[in-house]
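Below is one structure, written out as structure tokens; the observations come after it.
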Amino acid sequence: MSDVKIKKARIKDDLFLEVEFSESLPGHSKKETKLSCTVPVHEDLKVAFSKLDKHLALLCDEVKLKGKKIEGIDAEELAAFTVRGFSIGGNDENEGVSINGSKEGKYGIVNLNTPFTKWESDEYPFVADLGADVQLCIHEVNEYLFNEKRAPERQLAMDFGDSDDEINTAE
């Protein structure tokens, strides 16, 4: 695997990965790739994305923080949020992320998009946590793409009963 940089990742239908990444190739060239995967994602990738829920809620001003720690968000309130994807843009000191997801509201689902947040931001007090959580997502996306970390295949099982329950056909 050469130098790969994830630019966008999204879990579609709570099951499949859509991803855009650039790959640096020898000779100062780049390869841009966009994939819509058809193999279900591993649960670890879903868990990594769920760690972004709190950032979605805070950056969209949808919840109030109790105290000065990010853990001060009411868990019940946070359960209404679901991150579907993220997009990384910018370069160097202007690089950052935008998160998209939804909130289950009283009258239906509300789509949410965070403002672009730079890694060097001094406005968002939890930018270090955001960076760590996005890096976890990128790690899990790389595991899916290049190390085949996917949802376990489920084999259809047929229960034929115990061997003691055999039908006596000798009669």
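The values are calculated or read from the model by the stated rules, or taken from the named source; none is laboratory data. Computed from a predicted structure; not experimentally measured. Using ideal geometry, Cβ is built from the backbone for each residue, glycine included, and neighbour counts are taken over all protein chains shown.
Listed here are the residues, each with its yes/no results for (1) under 24 Å from K103 (Cα atoms); (2) of a type in the set (A, V, I, L, M); (3) surrounded by 14 or more Cβ atoms within 10 Å (Cβ to Cβ); (4) in contact with a His (Cβ under 6 Å, 6 or more places away or on another chain).
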{"residue": "I11", "(1), (2), (3), (4)": "yes, yes, yes, no"}
{"residue": "L15", "(1), (2), (3), (4)": "yes, yes, no, no"}
{"residue": "P26", "(1), (2), (3), (4)": "no, no, no, no"}
{"residue": "S29", "(1), (2), (3), (4)": "no, no, no, no"}
{"residue": "C37", "(1), (2), (3), (4)": "no, no, yes, no"}
{"residue": "H42", "(1), (2), (3), (4)": "yes, no, yes, no"}
{"residue": "V47", "(1), (2), (3), (4)": "yes, yes, no, no"}
{"residue": "S50", "(1), (2), (3), (4)": "yes, no, yes, no"}
{"residue": "K54", "(1), (2), (3), (4)": "yes, no, yes, no"}
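Look at V19 and say whether it is closer than 20 Å to A132 by Cα and either loosely packed, with under 14 Cβ neighbours inside 10 Å or small (G, A, S) (or both).
In short, no.
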### Query
Pairs under 7 Å by beta carbon, first residue farther than 13 Å from D61 by Cβ in region 105-120, partner of a type in the set (K, R) and surrounded by fewer than 11 Cβ atoms within 10 Å (Cβ to Cβ), six or more apart or different chains?
none
### Query
Looking at P115, P125, which one is at pLDDT below 95, more than 12 Å from the chain's Cα centre (by Cα) and part of a loop (DSSP other than H, G, I, E, B)?
P125
#### Entry: Sole exception among (1) under 21 Å from F116 (Cβ atoms); (2) at pLDDT below 95; (3) surrounded by 18 or more Cβ atoms within 10 Å (Cβ to Cβ) for I73, by number
(1)
### Query
Can we say K106 is exposed (fewer than 15 other Cβ atoms within 10 Å of the Cβ), touching a Gly at 6+ places or on another chain (Cβ under 8 Å), of a type outside the set (G, A, S) and over 21 Å from E143 (Cβ atoms)?
no
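Output the number of residues of region 128-171 satisfying the condition of being modelled with pLDDT of 65 or more and in a helix (DSSP H, G or I).
20
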### Task
Taking the options S29, S50, S22, name whichever one is in contact with a strand residue (DSSP E or B) (Cβ under 6 Å, 6 or more places away or on another chain) and over 18 Å from N147 (Cβ atoms).
S22
